[in-house]
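Quick notes on the structure that follows.
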Amino acid sequence: MPGGVAYPLMEDQAGLKETLARLEATGITVADLEVVALRPETEIAAFSAFFETGARLGARHILVAAYDPRPRPVQGSLCGLLRGRSSYGLSADLEFMPWTYAPDLSTANSIVAQVGQPNAGVLVDALHFDRSRSSIDELARVPAHRLHYWQICDGPAERPTTTEAMLHAARYERMFPGEAASISSRWRRRHAADITVSIEVPTAELAKTMDAKARAQRALTAARNVIAGSRDPRSCCT
């Protein structure tokens, strides 16, 4: 997105080499690649270097956002993403966000169902789940094989009333899981124990007073505390 932080490693061979070396040295792995925004003018072939680099990094998922108002072309683009990507081991996961053309869980699940491929998924973000007023019952109806990973955070209980306010809150006002006991207390979903948990809490403001390692440790501790607080060892809270 304009003004967003990006790491275009497909164009930075030195950066890619260093990143691969750090991954090997630390044992850290890469979960997802961001972001493929599906627009009317999107050409899937233009993402070839993106997919190839992601495969070199050992990534497993591609985050997809729907900015095309036409449902069928979105479905077609998802099919195009998945066609030939199986050799890379990448899933394509449609994230619903209130300001996109997949504004809620029900819409995203319907689009992915029409695609009908096992590596097509729905990405549930705790903040967007809450702000879109999606329901636990809707989440329970999503087949487990469509939930490849999910994003957790917390935030103020009061929902923004405009798109601009929702965007601002999503990019700048998120809180670590469990820190507000608002969003995290409203959503509990039983799921496979091995689903990947992504902590999405932009920390640009916190970076002014806390270094990267401390922020990462705070995020990890918060997420573990929330997950450990689930009533069932195979369930997690967000």
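Just to be sure before I move on: is I28 open to solvent by less than 50 Å² (accessible area, probe 1.4 Å) and not basic (K, R) in the structure I sent?
The answer is no for I28.
Residues to consider are A6, A21, A102, A45; find the one that is within 20 Å of S132 (Cα to Cα) and among the small types (G, A, S).
A102
Does segment 81-90 hold any residues that are open to solvent by less than 10 Å² (accessible area, probe 1.4 Å) and in a helix (DSSP H, G or I), and which are they?
L81, L82
From the list Q114, Q75, which one is in contact (Cβ under 8 Å) with a residue 24 or more places away in the chain and in contact with a Pro (Cβ under 9 Å, 6 or more places away or on another chain)?
From the options Q114, Q75, the qualifying one is Q114.
To keep it simple, each residue is scored yes or no on (1) assigned to a strand (DSSP E or B); (2) farther than 21 Å from A113 by Cβ.
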position: A6; (1), (2): no, yes
position: A25; (1), (2): no, yes
position: V30; (1), (2): no, yes
position: E34; (1), (2): yes, yes
position: A37; (1), (2): yes, yes
position: A59; (1), (2): no, yes
position: I62; (1), (2): yes, no
position: D68; (1), (2): no, no
position: C79; (1), (2): no, no
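Within segment 31-50, take every residue that is within 21 Å of G89 (Cβ to Cβ) and of a type in the set (D, E) and give me the one that is most open to solvent (accessible area, probe 1.4 Å).
Here the answer is E34.
If a residue counts only when it is at pLDDT 90 or above, which strands (runs of 3 or more DSSP E) contained entirely in segment 91-204 have at least 1 such residues?
91-95, 120-125, 149-152, 196-199
Quick one: which residue in S110, S132 is out of contact with any strand residue (DSSP E or B) (no Cβ under 6 Å at 6 or more places or on another chain), among the small types (G, A, S) and open to solvent by 40 Å² or more (accessible area, probe 1.4 Å)?
Result: S110 is the single residue among S110, S132 that is out of contact with any strand residue (DSSP E or B) (no Cβ under 6 Å at 6 or more places or on another chain), among the small types (G, A, S) and open to solvent by 40 Å² or more (accessible area, probe 1.4 Å).
Among the candidates A49, A108, which residue alone is touching a Phe, Trp or Tyr at 6+ places or on another chain (Cβ under 6 Å) and free of Cβ contacts under 8 Å to residues at least 60 places away in the same chain?
A108
Confirm whether Q217 is modelled with pLDDT of 90 or more, in contact with a strand residue (DSSP E or B) (Cβ under 6 Å, 6 or more places away or on another chain) and not basic (K, R).
no
The values are calculated or read from the model by the stated rules, or taken from the named source; none is laboratory data. A quick note: this is a predicted structure, and the numbers were derived from the prediction, not measured. As a convention, Cβ positions derive from the backbone with ideal geometry for all residues, glycine included, and neighbour counts pool all protein chains shown. Keep in mind that these areas ignore ligands, DNA and RNA; they rest on the heavy atoms of the full protein, side chains included. Shrake-Rupley method; radii C 1.70, N 1.55, O 1.52, S 1.80 Å.
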